[in-house]
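The structure appears right after this line, and notes come after that.
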Amino acid sequence: MRARLWIFLLLILYWLGYMIVIRGIFLAYNHDLTAQLTALEIIETMLHGLRMDGSMTGYLLALSGLMLTISAVIPGRWVHATLTYTNLTLMVLASLVVVIDMELYRHWGFRINNTPFFYMGSGALGSISPWVAIKGILIWIAITGLAGWIYIYTISKRTAILTPAPQKKSAFILLAASGLMFLPIRGSFSVAPMNTGYAYFHKTKAYANHAAINVLWNFIYSIRKSAQGSYPENFFEKEKTQQLFASLYPASDSTAKLWNATRPNIILIIVESFTADVVEPLGGVKGLCPNFTELCHEGILFDNFYASGDRTDKGLISILSAYPAQPQTSIIKYPAKTQRLAYLNYFMKKLGYKSSFIYGGDVNFANFRSFITTSGFEHITEMNDFPAQLNTSKWGVHDHYMFEKALQELDTTRAPFFKAILTLSSHEPFDVPMEPYIKGQDEESLFLNAFHYTDKSMGDFIRACKRQPWWNNTVVIITGDHGHRHPGNKSLYSRERFRIPLLMLGGPITKDTIIHTMGGQTDIANTLLAQLDKPSTDFVFSKNMMGNKVVPFASFFFTDGYGFVMPDKLIIYDNPGKQFLKKEGATEHDLELSKAYQQMLFSDYNKR
């Protein structure tokens, strides 16, 4: 038993050591980029990458552990040969990925994923110089030779002399040890499983974050996630698609002003699951959110506004990068793609804004950290920045604690500031720290009760903001990250499921105004920037809703389909069935516009 456990331990050390060494080789190969890091930053790169290294090691050890377990019941020479060939083959293939990644990073600026497969046969990879190819082959031989020698003289010689007698009792221990590999594989005990966001630690140096990523984990993950392939672009010819799409975004030559300030502070509050059906002025549940109802009469309410997707990770991208959701994937999971997006925060910083982001939950969830860090927020506050005793919900720190900290941070921030706030208490399981407003333990009652709590927390925050000296020059923008099926248990593609509020209020804002122009989350960027006289064509999917030539429409995406909304028109399309589920009031031209929008998104996504 001890012999097999010792082999298992050696395999852990072997693969974990291999992961650390290949990161060191990557740093050495890209020495000109590494030279831009301090010694401490290089050490941090190694340390922050350990969790992903452990995850990849866990995957590799799960297979070897199973072989050792079986060998305790069915002994024989087979285990020596199988373990040796399996681990050496994995090492040889892994080293090939490592060597290719080192060179491609210098050209592409992101760690290797499934992208090279898109270029096979195109001739692009054939442009590599002979010297680079020779250098890569020599490094690959050196890595595999050294790693192979270490394996043979530390592990293989031990598997060759394993006892031939069955040791069934040790099989249970080995099986348990193999099962424990689930812990490093998942990477945490929180709701956030392993993702590349765990490696992101530096706020300004992307290379430091990229070097911390375990390239093998990243490569396998990208292949697995993209198993369905690229999105199809099969509705129209490229030229027609672009013409139809362009007609949705005519250039405006003037903008209706909503603010009477040139550079106000901006607080953007993104509320979890903020469906319009909980907002009384939008026809929602009466009395449920009295604070927000009062705020609606103090500001400008957009009453025809829609979320782009159905999850927070998609909502963040849609709001902060003006990029639509996708029906089967979420671009936030692919840092190589998201780093090529436009970022609202970049434009705010160019205008002199001091930016920060606060969330009471785990910012590693769904790759939030990598996206938020890359988008350039100068300060990020998350769950671990709060006292441990406040972390009492499944998702982290409840909203009223988070808002209190946000207010503290705002009081010490230089103006003009751009503060993004993401709430979480109105997420399942809806366990909020207050006396129930709505009685009942069914999911809908819990959801509504949670929103009553979030409404109170947000109302208290706004009231506190009004007492601050900076309030008269501050605009608060409140919207949802997505809608929700409750109340009413709405269908997957229901229009009402995606309808959310958008409210602007604050010192420079006209009070008690309703704007009926139809829009969506991706339109926030250029609508906001237009008020600052700086709209940007970099946001391809964003229109200025206050422009004089605006086309009123919104789109939303659900699993395997899309919705397209225009005044008095609703289009729902099912991608697998290649059919329209709804086309209420729509002309043939409207149907073509909706298809062109999706095809333009797919084309853009595939190229990133």
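The values are calculated or read from the model by the stated rules, or taken from the named source; none is laboratory data. Just so you know, these numbers come straight off a predicted model, no measurement behind them. A quick note on method: Cβ atoms are made from the backbone with ideal geometry, for glycine too, and the neighbour counts reach across all protein chains shown.
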Report task. Output the residue which, of all residues in region 299-313 that are modelled with pLDDT of 95 or more and in contact with a Ser or Thr (Cβ under 6 Å, 6 or more places away or on another chain), is surrounded by the fewest Cβ atoms within 10 Å (Cβ to Cβ). Result -> 300
Query raised in the report: Can you tell me which residue in region 115-149 is nearest to residue 606 (Cα to Cα), limited to those that are of a type in the set (S, T, N, Q) and at pLDDT below 90?
Result: 115
Report task. Given the conditions (1) over 23 Å from residue 509 (Cα atoms); (2) surrounded by fewer than 16 Cβ atoms within 10 Å (Cβ to Cβ); (3) of a type in the set (D, E, K, R), report the number of the one that residue 405 does not fulfil. Result -> (2)
Query raised in the report: Does residue 32 count as buried (at least 22 other Cβ atoms within 10 Å of the Cβ) and either at pLDDT 95 or above or of a type in the set (Asp, Glu) (or both)?
Result: no
Query - Unique match (being assigned by TED's automatic domain parsing to the domain that holds residue 73, surrounded by 13 or more Cβ atoms within 10 Å (Cβ to Cβ) and not basic (Lys, Arg)) among 189, 172, 201 - result: 201
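Working carefully through the options 255, 241, 275, 262, find the one that is touching a residue at least 60 places away in the same chain (Cβ under 8 Å) and not assigned by TED's automatic domain parsing to the domain that holds residue 415.
After applying the criteria, what remains is 241.
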Query raised in the report: Within the group 270, 266, which residue is in contact with a Phe, Trp or Tyr (Cβ under 7 Å, 6 or more places away or on another chain) and part of a strand (DSSP E or B)?
Result: 266
Query - region 150-178: number of residues that are of a type in the set (Gly, Ala, Ser) and at pLDDT 80 or above - result: 5
Query raised in the report: What is the residue count in region 13-43 for residues that are in contact (Cβ under 8 Å) with a residue 60 or more places away in the chain and not in a helix (DSSP H, G or I)?
Result: 3
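On the basis of being farther than 24 Å from residue 279 by Cα, outside any helix (DSSP H, G or I) and within 24 Å of the chain's Cα centre (by Cα), does residue 483 make the cut?
When the stated conditions are applied, residue 483 does not pass them.
May I ask you to list the residues in region 281-298 that are within 21 Å of residue 485 (Cβ to Cβ) and buried (at least 18 other Cβ atoms within 10 Å of the Cβ)?
Scanning region 281-298 gives 282, 284, 288, 289, 292.
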Requested in this report: Hey, could you check region 247-263 for residues that are under 14 Å from residue 510 (Cβ atoms) and in contact with a strand residue (DSSP E or B) (Cβ under 9 Å, 6 or more places away or on another chain) and say which is surrounded by the fewest Cβ atoms within 10 Å (Cβ to Cβ)?
Outcome: 260
Report summary line: Selection over region 498-553 where residues are at pLDDT 95 or above, of a type in the set (D, E, K, R) and part of a loop (DSSP other than H, G, I, E, B) yields a count of 5
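Among strands (runs of 3 or more DSSP E) lying entirely in region 375-480, which contain 3 or more residues that are under 23 Å from residue 503 (Cβ atoms), touching a residue at least 24 places away in the same chain (Cβ under 8 Å) and in the same structural domain as residue 302 (by TED's automatic domain parsing)?
The qualifying strands (runs of 3 or more DSSP E) are 417-422, 474-480.
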Query raised in the report: Take the residues of region 553-608 that are in contact with a helix residue (DSSP H, G or I) (Cβ under 6 Å, 6 or more places away or on another chain) and of a type in the set (S, T, N, Q): which is nearest to residue 243 (Cα to Cα)?
Result: 599
